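Only one structure is covered here, and it is reproduced in the block below.
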Amino acid sequence: MMACRACASADLTTLFNLGIQPPANAYLASLDEPEVRYPLALAFCRACGLAQLRDPQPPALYRNYRYLTGASAAARQYWADYAEQAIAPRVAGGDLVIDIGGNDGTLLAQINPGIRRINVDPAANLAEMNETKGIEFVPQALDQDLAEDIVENYGPARVVCANNVLAHTDAPAALLRAIATLLGEEGTLIAEVHWAHHLITAGCWDQIYHEHACYYSLGSFIPMLLACGLQLDHAQVVPSQGQSLRLFCTVLKSIQDFYCDMPTAVARLLEQERAADLDREDIWQELATQAYATQIELVNLLTKLKHQGKRIVGYGAPAKGNTLLNFCHIGTSILDYLTDTTHMKQGLYAPGTRIPIVHPARLKQESPDYALLLAWNHREAILAQERALIARGTRFITAMPKVEVLEPAHVEAA
Ligand code: DWN
């Protein structure tokens, strides 16, 4: 077991063992492609309360990366709103904006081209998607040397974004220190992380996969942030991945001042976390109980429908969906295929289950009896865009936050 990724304590305990699973974004190009499985278990640091993977992340997680930020209209709109609301008020012509883990450049493409934009992302296969958007692409994971090179060659960044990145590394403190180097004295880090409060209250244990090394509460994140020379000036809850925190950080002035004059929004969120007992080990252990309950209920429902001769597909091929399907051992005997709008996933097979992934147009052609909603965090957008499919008789099934067959009246009310 690793030492705590945030505070380096050795006092970690395993909460929930999901078995050995392939990396959730390791889609297969063919059925005879070998795949490697790695232990997937959630641990809890009794010293600082950070939930995290028990084991080191597998290697090369972001090589030949198939997830695209801009793979759906709903996602593209989200990032356009983010750029307008969070970035635009902080930048002016000539400023530098750096997106750490900027993926296909969807966020940076929303920023006025008069602003210098750099995407620092180890997924080298996404370079061309950035360059065609006029975004400079550095195919590396950010480290201290790279941060110093960037500052030497471009100067400090006015804004650094790090969305769904700070949880995606075995060394978050080193990453935060490198980001602090990029910011200089005047810059702002805007970071989004999935919020542990949502993970626990919604019981969305499918968010546990190898890319997600850390599962942050503010209570477990803030001490690490301060130790890296940054402070939290504001935090807001945003509807990404169910619920995420959008954090606004700047260079640390004084730890004492931070705690004595804590921003109101931060204090309120910490209070919500205290009310949810996020620092209690037994609360986190509930995730395992919920996962086994979901497994039983979902497999029994799908098996019953299958025995009735129903045709069932998966809607979306998200990484989280692969955790769910692999943990519940739901494969091609239950789901005929998964649909996904990501062109880089179409024609591939889901890791572990090897379920084929097809273009969503297949739904219109076939109108399956049921669609298991794997991309549950896009539920409203998906149910709205699939009204015609539902009118033709397809019923959506959810597994998160609970196992449920959505009847049309239910959908109308959504
Ligand atoms: O943290 C991460 C998040 C930000 O993105 C990464 N580790 C990997 C990835 O996780 P994910 O794959 O679970 O993310 P999404 O955004 O929940 O994936 C949704 C999937 O569903 C995408 O592959 C696109 C697809 N989709 C679709 O087929 N039709 C999405 C919508 C909205 C749709 O209408």
Seminar exercise, completed: What one gets for region 63-200 as the Kirkwood radius, inverse of mean 1/r over different Cα pairs in Å, is 15.1
Exercise. Angle, helix 264-275 long axis vs. longest principal axis of the chain, Cα atoms, 0 to 90°, nearest 10?
Worked result: 50
Exercise. What ratio of Cα Rg to 2.2 N^0.38 Å holds for region 1-81?
Worked result: 1.42
For this session: From zero up to wherever the largest Cα-Cα distance of region 156-219 sits, split into 5 Å bins and tell me the percent of pairs in each.
Result: 4, 17, 24, 22, 15, 10, 6, 2, 0
Problem set entry | Taking the chain and dividing mean pair separation by its residue count, relative contact order in percent (alpha carbons under 8 Å, at least six apart) | 15
Exercise. Once you list every other residue whose beta carbon is under 11 Å from the beta carbon of Pro39, what net charge do they have if Lys and Arg are +1 and Asp and Glu are -1?
Worked result: +1
Exercise. How would you order 64-73, 378-387 from highest to lowest mean count of nearby Cβ atoms within 10 Å?
Worked result: 64-73, 378-387
Exercise. About the Cα centre of region 215-374, what is the dipole size in debye to 20, counting +1 per Lys and Arg Cβ and -1 per Asp and Glu Cβ, all else neutral?
Worked result: 860
Seminar exercise, completed: Heavy-atom accessible area of region 73-279 with neighbours in place, 1.4 angstrom probe: carbon+sulfur share in percent works out to 49
Seminar exercise, completed: About its Cα centre, the chain carries a charge dipole, from +1 on Lys and Arg Cβ atoms and -1 on Asp and Glu Cβ atoms, whose size in debye to the nearest 20 is 1240
Seminar exercise, completed: When the charge dipole of the chain is computed with +1 on Lys and Arg Cβ and -1 on Asp and Glu Cβ about the Cα centre, the Cα farthest towards its positive end, among Val91, Trp195, Leu175, belongs to Trp195
Exercise. Order of 324-330, 198-204 by packing, highest average Cβ count within 10 Å first?
Worked result: 324-330, 198-204
For this session: Using only the alpha carbons of the chain, determine the length spanned along each of the three principal axes and report them from longest to shortest in whole angstroms.
Result: 64, 48, 44
Exercise. Sorted by accessible area with a 1.4 angstrom probe, largest first, how do Lys402, Lys133, Lys364 fall?
Worked result: Lys364, Lys402, Lys133
Problem set entry | Cysteines in the chain lacking a second Cys C-beta under 4.7 Å | Cys161, Cys204, Cys214, Cys228, Cys249, Cys260, Cys328
For this session: Would you list which lysines come within 29 Å of Lys133, measuring only between C-alpha atoms, while excluding same-chain residues fewer than 8 positions from it?
Result: Lys320, Lys345
For this session: Give the span of region 285-413's Cα atoms along each principal axis, as three whole-Å numbers ordered largest to smallest.
Result: 40, 34, 29
Seminar exercise, completed: Counting only protein heavy atoms and leaving out ligands, DNA and RNA, the solvent-accessible surface of Met262 at a 1.4 Å probe, in Å² to the nearest 10, equals 50
For this session: Might you report the magnitude of the Cβ-based charge dipole of region 195-308 about its Cα centre, with Lys and Arg at +1 and Asp and Glu at -1, to the nearest 20 debye?
Result: 340
Seminar exercise, completed: Result for the chain: accessible area per residue, probe 1.4 angstrom, in square angstrom, of 40
Seminar exercise, completed: Karplus ³J(HN,Hα) for region 215-230 (6.51 cos²θ - 1.76 cosθ + 1.60, θ = phi - 60°; Hz, whole; x = Gly/Pro) runs 10, 7, 9, 4, x, 8, 8, 4, x, 5, 4, 5, 5, 9, x, 10
Exercise. Listed highest first by mean packing, meaning other Cβ atoms within 10 Å per residue, what order do 388-394, 283-289 come in?
Worked result: 283-289, 388-394
Problem set entry | Helical mean residue ellipticity (222 nm; -39500 (n - 2.57) per DSSP H run of 4+; nearest 500) of the chain | -9500 deg cm²/dmol
For this session: Could you work out the local net charge near Pro56, counting Lys and Arg as +1, Asp and Glu as -1, over the other residues with Cβ closer than 14 Å to its Cβ?
Result: -1
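The values are calculated or read from the model by the stated rules, or taken from the named source; none is laboratory data. Not measured: the values here are computed from a predicted model. With ideal geometry, Cβ positions are generated from the backbone for all residues, glycine too; neighbour counts draw on all protein chains shown. Areas reflect the complete protein model, heavy atoms only, side chains present, ligands, DNA and RNA absent. Shrake-Rupley method; radii C 1.70, N 1.55, O 1.52, S 1.80 Å.
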